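See structure below.
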Amino acid sequence: MNMPILRLNKLSKTFERRSFWNATRPLSYAVRDVSLDLVKGETLALVGESGSGKSTLGLLTMNLLTASEGSVVFNGKPLEKAGAKDMARFRRTVQIVFQNPSAAFNPRRTVLATLAQPLLLHGKPSKTQLRARVDELLETVGLTPAAAFRDVFPHQLSGGQRQRVMIARALSVDPDFVVADEPLSSLDVTVQAQILDLLIRLQRERDIGYLLITHDLALVGEVADRVAVMYRGRVVESGPATTVCDAPQHPYTRLLMASTLSADPNERRIGAADTARVFDVPRDDGAGCSFAGRCPLAESQCKTEVPVLGRSGQPGTEVACHVIQRRDGDV
Amino acid sequence: MSERGQYLKYLLGTARFAVSRLLQSLGLLLGVVMVMFLLIRMAPGDPVQAMVGDFPVPDEYRDQVARQYRLNDSWLVQFMVYLGHVARGDLGYSYASHQSVGGLILERLPATLLLTAAGLISAAAMGIALGTWSAVSSRRSTRAVLDMFVLVGFSIPTFWLGQMLVLLFALRLGWLPSGGMSDARAESTGWASLLAAGPYLVLPAVALGIRELAATARIAKGATMGVLSEDYIVTARSKGLSSAATIRRHVIRNAALPTIASLGYRVGLALAGAVTIEVVFSWPGIGRLLYQAILARDNSLVVGVILVIAVLVIIANLVTELLYRALDPRIRGARHVR
Amino acid sequence: MSDEASPLGARKNRAELFSWANTLRSGYGLVGSITLAILVLAALFSPWLAPYDPHAISSSYLGPPSGEHLLGTDLVGHDLLSQLLHGARVTLLVAVTAAVISFGLGVLIGSLAGYFRGPVDAVLMKVTEFFQIIPSLVFALILVAMLGSHLWLVTIAIGITIWPQQARIVRSQFLTLREREFVQASRALGFSDRHIIFREIYPNALGPVLVQATLDIGIAILLETALSFLGLGDPNKASWGQMLFGAQEHLERAWWIALWPGVAIALTVLAVNFVGDALSEWFNSRSDVGRVSLQKRKNVASPPAAAPSRTGDGTALLDVQDLTVHLRRGAKVVRAVDRAEVKVRPGERVGLVGESGSGKSMFSRAVLQMLPSANVETFTGRIALDGIDLMRLNEADMRRVRFEDLSIVFQDAMTYLNPTMRVGKQITEAMAGLSATDRQERTRQILASVALPTTTRFMRRYPHELSGGMRQRVLIAMALASQPKLLIADEPTTALDVTVQAQVLRTLVAVHTKTDMAMLIITHDLAIVAEVCDRSFVMYGGQIVEEAAVSRLFSEPRHPYTRGLMASMPGKSDYRLGKRLTGSVVDLTDVPTGCRFAARCELAHDRCSTEPPWVRIGDEGVRCWLFADESGPIGRSTDKPADSKEVTTS
Ligand SMILES: Nc1ncnc2c1ncn2[C@@H]1O[C@H](COP(=O)(O)OP(=O)(O)OP(=O)(O)O)[C@@H](O)[C@H]1O
Ligand code: SF4
Ligand code: SF4
Ligand SMILES: [Mg+2]
């Protein structure tokens, strides 16, 4: 395996709310104690329900948010200790692609200006070189002929085309790693497949690593090498994508997999059964396992002790669950 | 938790909120006092003269003031002493009118409250009605007419409108009195005096209210149009509710929220408007008092009036915020939103 | 930029031009700008325009308007017209300077607060609040009273009392823009803060800031006027406000002294406000290009209904034939639905799949007779529900149908629920003709059927207090309240997490099995169709392109678009074959004359330049030339595309 480009080391992020009574109090842990290795050429999928902290972790990885605790380690050095030169290198190495291509562009710039800006920042190309580079980028992401797209404003393009321009912008600095936060979910189904193909092709051609943030589990099975499942800010299970999808261990991962829709009308998974259970999502007071309120396996230990990621029965996967760990430990 | 428990929790939350806002307001008031203090001290000339105004000051009084306010000590001491006086409700002595500032203001305050309340409440009520009506009306022209009215309302100087009203309705037509608050010959007290003030109130309240009417109508219209394009209106229609029922049950309350939120701010503006209006109509309120104090350079009185205005604005803001919390279930428990 | 290289660019420029033109044509902007231009010219050329020296004293003081003095004279004998012309200079100078000061302070303070946030923001916002607690007139009043009445002091006093509004605007622009993805992207690319502030944030914050700066000019004029009226203006500079000072005592004898300056002030401020309004409208219209306004929803085609005719073939509950919906969007026509044929039988679960912009939501709106009436261009066809022709109902009867027979569940439960009404009330509201206690009872039953708590406490909750899945179920409960014959669910689970989606779908299925209600599920997600539907329609470019039993649809899709859709679905075996559809959904404002799918179709051939017919195949159907041969359908089953091409072109 390649050396990791980035190590996320025990990252936590709290959003604080100013309150008059006690000067500050933590509003919520968006991300809690997450450690991950991000590797060149490999796709790590990050899945979890809405609000589980996926996007926050993505922004922390990009250093667009400052972690409350822990650090992002780049080149063996934590980013907060990095100097201007390291920081510039970091910016050239790691890029981001957002979910919503309509908000991702300065509405006052043409595609050419949008793509030329980063090229000018990181080098001093001549005018013709610049144009050639921009055209090349546009062609790389499948916007051909480039001339038809150069002088257009992003909001005049279709969603898929905009997403391609966004990918071109990320590629402009020739990164080794790209954080893609739900890059498909605002696109039409048929266009999603096109963009995904583009991402996969780029990975093959340039050996780019991805942190693919998604809620689409079917997608994970198709493209990811590894997967990390988040619940309420914590990674509760991580491991090779095929293993996690085929033999989920953590009760939450199991629920997740059981909830994915089948693509085959002859193998329906959603029965009419089981309507009695309603989750009035219980409050999480920080003590114990945050899944305990919904967990069919919960025991008394779960309410008091926070489970940490540890080895599970499946090779290569780690699980944060008392019951599973004990079971597999005993066996 | 039980219904009752929830309600108690809500009350508790509201009380907490009110207290915290009050404390914050005290901080702001402190700021106001400080700025006023600095302004008086910065005014050119002798500090005692600056406090007293354009009156010959007997020497013994000068000494007394200097001692009382420690004018020979450092500014900080002076400020603390001054603050101490204000905190005790002692706003100073108006040499020009031989009366304590606090007493003077208390005497004049009811007139101003009457004027601004009359102007603001009637304007707000009519503004909300007009704005809502024009928003739900299907004709574009209705909205265009309201827009025009709003812009004109925003453009006319309040006091000048007052003058024109006097010119027309008092001097030319003689329908209403041109100024003052009561007939000097009539002797009435209590509710009777309030009633007697009625005719005197009409013109100034109208002059003061037009701008507020325009402002409220504009906000109410915007808010209503906003609510009408909300998805839950589609839901209401898809349930089969009639337009009237939809407007009554789903539009009005939601559209009222932003309008109410703006009212606190408008109280400040109305008080400012009252200064000129009271001068035009010789209305015996604190606005005219402020004007007279400024002309007489009676700075203790000036500062006193300004503090009172600041307190009124703060109270108005607080009341609005509490009202808003009571009406919007989303705000309860969360922090206030501006 | 040449038109040829970028047709889109050209279109955009024209659109831009149009919006400017609109701003001007709207009247307000134009009238305002012209008035202001005339004023500025008059002020500049006042020495030449004024009939008299403004300081010259004529023999007639307090003279009424006359041939000699068009507007009359004041109490000293100055010519009012000349004074007015000269006063314009002073007034405009003060107002513009004060507005510039306010602009500078507002932008500076707002930017600092928005950029640094945290404690800096807190302190600066307290300062702003401070300035708003003392009304600006009062504040300016005492500043001038304490510090003196020179013109420049008055100007500064006005400037430093009116900036808070601008500061608030700049701050909120900063706070929202800095979270926007394009700003984040610039940071990720390594741009400096300076670049981000000056190149990304300011240009995009320009609109509201400029509007406020314009309005500030008007505010400054009014303030200067009020100050002068109160005797605190600069006595040596005859501004319009200064002309009003002292007019009060002579109202009775010489109304003209007060009238003219007031009119001049009101007109000027009005012109400024016109321009400000027009500007803000222009900026707003630019920021939401192409948003369809759903302002008014009303039945469009409502000829007075005689006794509702019972029509239809009797077997279908919902029978839609030849439904066409065209909407206006600006100068264009969106062909949202074209000759759609949809049947739903009682008790059936039917899907309607399509990508965004395929017209599926407009289809459901049309069935409910709730199209955005202001934008409807064409609305024809037949929509029969249980034999009643909905197109011919008047609004009151249609309302009864919505009340009793037809319900809809929308996608985004949060926005489709009234935030200030308790959920229980929102459910009971949808019930007809029951006593209060019966309603309560019925509400409990419905809540139970969608697996929600049946307690009074739950019913007294507000939407924001519920989780997303609960809200969606409240929406479903609301739809069930009237025991409808047909439930239309428009993307009922799109906004939800997978686990919640599964619960909601389960709820829908459970509710369906307990009643004899039919369901039409509109979605972009084939997997939902696979999970819950018996039969499904596929929609593309405003047309129904395929109708089939679900098992059949998935095993042997007929239409090339359906096949492409299947191949785009992760988890399907076709997915890995990578036979992707190219291009994107056809633009409904610009549909081709032939097959709407032709541009993306691998199998397109000569015939496809004319519109393909709807080919019935037993109970199913497809809109494609490949199946139109008399010999019967060609290329059904899993024929390789290459083969079928051969067959059809032979
Ligand atoms: N700027 C912020 N201020 C306060 N809270 C925040 C902020 N950003 C995120 N949060 C909170 O942090 C938690 C994690 O949010 P995050 O956006 O990372 O989730 P997510 O997994 O990306 O969700 P989604 O799938 O909906 O995108 C949520 O509770 C969210 O409300
Ligand atoms: S730790 Fe306990 S509550 Fe948490 S997932 Fe495991 S069994 Fe369930
Ligand atoms: S009609 Fe022609 S273009 Fe259209 S789907 Fe069929 S084969 Fe393709
Ligand atoms: Mg996210």
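Could you please find all residues in region C:167-213 being assigned to a helix (DSSP H, G or I) and hydroxyl-bearing (Ser, Thr, Tyr)?
C:Ser172, C:Thr176, C:Ser186, C:Tyr202
Among all residues of region C:175-194, there is at least one that is modelled with pLDDT of 85 or more and more than 14 Å from chain A (Cβ to nearest Cβ). Among residues of region A:249-268 being assigned to a loop (DSSP other than H, G, I, E, B) and at the interface with chain C (Cβ under 7 Å from one of its Cβ atoms), the one that is surrounded by the fewest Cβ atoms within 10 Å (Cβ to Cβ) is A:Asn266. Taking the criterion of being within 11 Å of chain C (Cβ to nearest Cβ), surrounded by 14 or more Cβ atoms within 10 Å (Cβ to Cβ) and not small (Gly, Ala, Ser), the only residue of region B:129-142 that qualifies is B:Val136.
The single condition among (1) crowded, with 21+ Cβ neighbours inside 10 Å; (2) under 31 Å from the mean Cα position of the chain (by Cα) that C:Thr443 does not meet is (2). Within region A:275-288, is even one residue modelled with pLDDT of 80 or more, more than 16 Å from ligand 1 (Cβ to nearest atom) and either open to solvent by less than 30 Å² (accessible area, probe 1.4 Å) or on the phi > 0 side of the Ramachandran plot (or both)? Yes - at least one qualifying residue is present in region A:275-288. Could you list all residues from region A:301-331 that are assigned to a helix (DSSP H, G or I) and either away from ligand 2 (no atom under 13 Å from the Cβ) or open to solvent by 60 Å² or more (accessible area, probe 1.4 Å) (or both)? Those that are assigned to a helix (DSSP H, G or I) and either away from ligand 2 (no atom under 13 Å from the Cβ) or open to solvent by 60 Å² or more (accessible area, probe 1.4 Å) (or both): A:Lys303, A:Thr304, A:Arg326, A:Arg327, A:Gly329, A:Asp330.
If you filter region C:488-535 down to residues that are within 10 Å of C:Gly351 (Cα to Cα) and in a helix (DSSP H, G or I), you find that the one that is nearest to the other protein chains (Cβ to nearest Cβ) is C:Ala530. Every condition in (1) open to solvent by 40 Å² or more (accessible area, probe 1.4 Å); (2) more than 8 Å from every other protein chain (Cβ to nearest Cβ) is met by C:Ile201 except one, and the failing one is (1).
Counting only helices (runs of 4 or more DSSP H) that sit wholly inside region C:402-482, those with at least 1 residues that are within 12 Å of chain B (Cβ to nearest Cβ) and under 28 Å from C:Leu317 (Cα atoms) are C:413-416, C:423-428, C:468-480.
May I ask you to verify whether A:Arg91 is modelled with pLDDT of 85 or more, open to solvent by 10 Å² or more (accessible area, probe 1.4 Å) and within 9 Å of another protein chain (Cβ to nearest Cβ)? Considered against the rule, which asks whether it is modelled with pLDDT of 85 or more, open to solvent by 10 Å² or more (accessible area, probe 1.4 Å) and within 9 Å of another protein chain (Cβ to nearest Cβ), A:Arg91 comes out as yes. Of the residues that make up region B:320-328, is at least one within 11 Å of chain C (Cβ to nearest Cβ), more than 30 Å from C:Asn418 (Cα to Cα) and of a type in the set (Asp, Glu)? So far as region B:320-328 goes, no, none of its residues is within 11 Å of chain C (Cβ to nearest Cβ), more than 30 Å from C:Asn418 (Cα to Cα) and of a type in the set (Asp, Glu).
In the condition set (1) open to solvent by 10 Å² or more (accessible area, probe 1.4 Å); (2) out of contact with any strand residue (DSSP E or B) (no Cβ under 7 Å at 6 or more places or on another chain); (3) within 30 Å of C:Tyr561 (Cα to Cα), C:Leu505 is compliant with all but (1). Scanning for something within 14 Å of chain A (Cβ to nearest Cβ) and in contact (Cβ under 8 Å) with a residue 24 or more places away in the chain, does region C:207-216 turn up at least one residue? Checking region C:207-216: at least one residue is within 14 Å of chain A (Cβ to nearest Cβ) and in contact (Cβ under 8 Å) with a residue 24 or more places away in the chain. The single condition among (1) within 8 Å of chain C (Cβ to nearest Cβ); (2) outside any loop (DSSP other than H, G, I, E, B) that A:Thr128 does not meet is (1).
Scanning region C:326-358 for residues that are closer than 12 Å to C:Asp534 by Cα and among the charged types (D, E, K, R) returns C:Arg345, C:Glu348, C:Arg349.
Only one of the numbered conditions (1) surrounded by fewer than 24 Cβ atoms within 10 Å (Cβ to Cβ); (2) more than 10 Å from every other protein chain (Cβ to nearest Cβ); (3) touching a His at 6+ places or on another chain (Cβ under 8 Å) is violated by C:Lys485, and that is (3). Taking region A:42-65 as the range and being open to solvent by 20 Å² or more (accessible area, probe 1.4 Å) and within 12 Å of chain C (Cβ to nearest Cβ) as the test, the residues that pass are A:Glu49, A:Ser50, A:Gly51, A:Ser55, A:Leu59, A:Asn63, A:Leu65. For the residues C:Arg392, C:Arg399, the requirement of being free of Cβ contacts under 8 Å to residues at least 12 places away in the same chain and surrounded by 17 or more Cβ atoms within 10 Å (Cβ to Cβ) singles out C:Arg399.
Quick one: count up the residues across region A:219-248 that are surrounded by 23 or more Cβ atoms within 10 Å (Cβ to Cβ), away from ligand 1 (no atom under 16 Å from the Cβ) and in a helix (DSSP H, G or I). Of the residues in that region, 1 qualify. When C:Ala167, C:Ala188 are checked against the criterion of being surrounded by 23 or more Cβ atoms within 10 Å (Cβ to Cβ) and under 30 Å from C:Glu224 (Cβ atoms), C:Ala167 stands alone in meeting it.
The number of residues in region C:312-366 that are touching a Phe, Trp or Tyr at 6+ places or on another chain (Cβ under 8 Å) and part of a loop (DSSP other than H, G, I, E, B) comes to 3.
Remark: pairs (first residue in region A:286-301, away from ligand 4 (no atom under 16 Å from the Cβ); second residue of a type in the set (A, V, I, L, M) and assigned to a loop (DSSP other than H, G, I, E, B); Cβ separation under 7 Å; 6+ apart in sequence or on different chains) = A:Gly288/A:Val306; A:Cys289/A:Val306; A:Ala292/A:Ala298. Assessment of region C:596-603 against the conditions (more than 13 Å from chain A (Cβ to nearest Cβ), closer than 26 Å to C:His326 by Cα and either within 16 Å of ligand 1 (Cβ to nearest atom) or buried (at least 23 other Cβ atoms within 10 Å of the Cβ) (or both)) yields at least one matching residue. Summed over region B:284-307, residues that are in a helix (DSSP H, G or I) and open to solvent by less than 30 Å² (accessible area, probe 1.4 Å) total 15.
Listed here are the residues, each with its yes/no results for (1) of a type in the set (Lys, Arg); (2) in contact with a strand residue (DSSP E or B) (Cβ under 9 Å, 6 or more places away or on another chain); (3) in contact (Cβ under 8 Å) with a residue 24 or more places away in the chain.
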residue: A:Leu137; (1), (2), (3): no, no, yes
residue: A:Leu143; (1), (2), (3): no, no, yes
residue: A:Ala147; (1), (2), (3): no, no, no
residue: A:Gly159; (1), (2), (3): no, no, yes
residue: A:Ile167; (1), (2), (3): no, yes, yes
residue: A:Pro183; (1), (2), (3): no, yes, yes
residue: A:Leu202; (1), (2), (3): no, yes, yes
residue: A:Leu212; (1), (2), (3): no, yes, yes
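Quick check on this structure: which one of B:Met126, B:Met148 is within 14 Å of chain C (Cβ to nearest Cβ), closer than 30 Å to B:Ala215 by Cβ and open to solvent by 30 Å² or more (accessible area, probe 1.4 Å)?
B:Met148
The set of residues in region C:536-574 that are without any contact (Cβ under 8 Å) to a residue 12 or more places away in the chain and of a type in the set (Ser, Thr, Tyr) comprises C:Ser551, C:Ser555, C:Ser573.
The values are calculated or read from the model by the stated rules, or taken from the named source; none is laboratory data. Just so we're clear, the structure is a prediction, and the values are computed from it rather than from any experiment. Using ideal geometry, Cβ is built from the backbone for each residue, glycine included, and neighbour counts are taken over all protein chains shown. Side chains are part of the model used for accessible areas, which takes the heavy atoms of the whole protein and leaves out ligands, DNA and RNA. Shrake-Rupley method; radii C 1.70, N 1.55, O 1.52, S 1.80 Å.
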